[in-house]
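Trainee: Please read through the structure below; I'll follow up with questions.
The values are calculated or read from the model by the stated rules, or taken from the named source; none is laboratory data. Keep in mind that this is a model prediction, so the values were computed, not measured. Positions of Cβ are generated from backbone atoms using ideal geometry, with glycine treated the same way; all protein chains shown enter the neighbour counts.
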Amino acid sequence: MPPVVWQPGEALVRVHRVAICGSDWHAFEGHQANYTYPRIIGHELSCEVLEVPDNSRGIRPGDRCAVEPHLTCGVCRPCLLHRPNCCESMSVLGVHVDGGMRGLMNVPVERLYKSERLSFDQLALVEFLTIGAHAVARSGLAAGEDVLIVGAGPIGLSVLQFALTAGASARIIEKAEFRRQFAGRFGVEVLPEYDGRPASVVFDCTGDEEAITASFNRVGPAGRLVLVGQFLGFIPFDHTPFIRRELTIIASRNSHHQFPRVIGMIERGEINLDQWITCRMPLAEVPEVFAELASHKNYIKAVFEVQDSDV
């Protein structure tokens, strides 16, 4: 394992939990173009601060923190437009640079978000929830709008969480029975396939070519299609119906300024994470079982325990 080399503005942290993202499975299987190799994966993290320089964020040794994994330059056009999630030279922990599936690492202080109330388990789930929060914010979703979410994986479920928070009426499509059952806990319509009713806002959270292409025909007139899942390739669609319905396509990438909001919602009990972790194990067992986990994926969130304390 490479040594931990300190840089100015960084805190030394002990990683406690690593939640696994679908992109991690794809990287392991060798068909995730965003990753560079070799790579220590892990970008959905919770940690304990061990050492930290003086800072204006109130981060101190002993703090429990969630980690925002997006490292941005601060000087490119998107950064200057206050859209750092579109940074032209972004690096992501666990994707372009080594991530958290190890005991110790350095993290820029400005990427740490502390909580005195949340557990390490809860803090490790903050990052993926911010993806859904950002996607719903990007959509401009208003109370009372009809929403269709395609895919009830973790990202689709996070979109569902924030669509309901916005006051929308939501349906969600999911092929897998296990995920349909979990989505049913939100009290919404859960469909095994499209029911023929267009929606004013459709979120694709699959990253699947067939599903994305089909979603163009699931958006009602003057509606929006929000692409949250990522597909590596070209997506064809029928141009004339797209124009006639005057649809809007919105891309949603990573998240922006959602960590404080999501942490606050969890602390206030507005988001209940008690049953989201459906697979967990110590980090020492990961090399033996990771391939099997990647092939089955019959869980919502898998969490690896780098440290076994959750106090």
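Trainee: Among the residues of the range 79-100, is there at least one that is touching an Asp or Glu at 6+ places or on another chain (Cβ under 9 Å), farther than 19 Å from V18 by Cα and in a helix (DSSP H, G or I)?
Mentor: Within the range 79-100, one or more residues are touching an Asp or Glu at 6+ places or on another chain (Cβ under 9 Å), farther than 19 Å from V18 by Cα and in a helix (DSSP H, G or I).
Trainee: Let me ask something else about it. Among the residues of the range 266-311, which ones are modelled with pLDDT under 85, out of contact with any Lys or Arg (no Cβ under 7 Å at 6 or more places or on another chain) and polar (S, T, N, Q)?
Mentor: Within the range 266-311, S295, N298, S309 qualify.
Trainee: In the range 109-151, what residues are farther than 15 Å from E48 by Cα and among the small types (G, A, S)?
Mentor: G132, A133, A135, A137, S139, G140, A142, A143, G144, G151 - these are the residues of the range 109-151 that are farther than 15 Å from E48 by Cα and among the small types (G, A, S).
Trainee: With (1) without any contact (Cβ under 8 Å) to a residue 12 or more places away in the chain; (2) farther than 22 Å from I131 by Cβ as the list, and P192 as the residue in question, which single condition is left unmet?
Mentor: Here P192 meets the rest and fails (1).
Trainee: Please determine, by comparing only the residues of the range 45-59 that are assigned to a loop (DSSP other than H, G, I, E, B) and under 25 Å from the mean Cα position of the chain (by Cα), which one is farthest from A294 (Cα to Cα). Break it down into steps so the answer makes sense when it comes.
Mentor: Going through the range 45-59, the residues assigned to a loop (DSSP other than H, G, I, E, B) turn out to be 52-59.
Then keep just the ones that are under 25 Å from the mean Cα position of the chain (by Cα); that gives 57, 59.
Values: R57: 37, I59: 35 Å.
So, considering only residues that are assigned to a loop (DSSP other than H, G, I, E, B) and under 25 Å from the mean Cα position of the chain (by Cα), the one farthest from A294 (Cα to Cα) is R57.
Trainee: Suppose we filter G42, G74, G62 for residues that are in contact with a Gly (Cβ under 7 Å, 6 or more places away or on another chain), assigned to a loop (DSSP other than H, G, I, E, B) and not β-branched (V, I, T); which single one remains? Before the answer, list the steps.
Mentor: Working: G74 fails: in contact with a Gly (Cβ under 7 Å, 6 or more places away or on another chain); G62 fails: in contact with a Gly (Cβ under 7 Å, 6 or more places away or on another chain).
Only one candidate passes the filter, namely G42.
Trainee: Check G103, G58 and return the single one that is loosely packed, with under 15 Cβ neighbours inside 10 Å, closer than 22 Å to R261 by Cα and not assigned by TED's automatic domain parsing to the domain that holds G207.
Mentor: Details: G103 fails: closer than 22 Å to R261 by Cα.
Sole residue among the options that is loosely packed, with under 15 Cβ neighbours inside 10 Å, closer than 22 Å to R261 by Cα and not assigned by TED's automatic domain parsing to the domain that holds G207: G58.
Trainee: Out of E210, E292, E246, report the one residue that is among the acidic types (D, E), outside any loop (DSSP other than H, G, I, E, B) and in the same structural domain as I173 (by TED's automatic domain parsing).
Mentor: Values: E292 fails: in the same structural domain as I173 (by TED's automatic domain parsing); E246 fails: outside any loop (DSSP other than H, G, I, E, B).
Every option except E210 fails the conditions.
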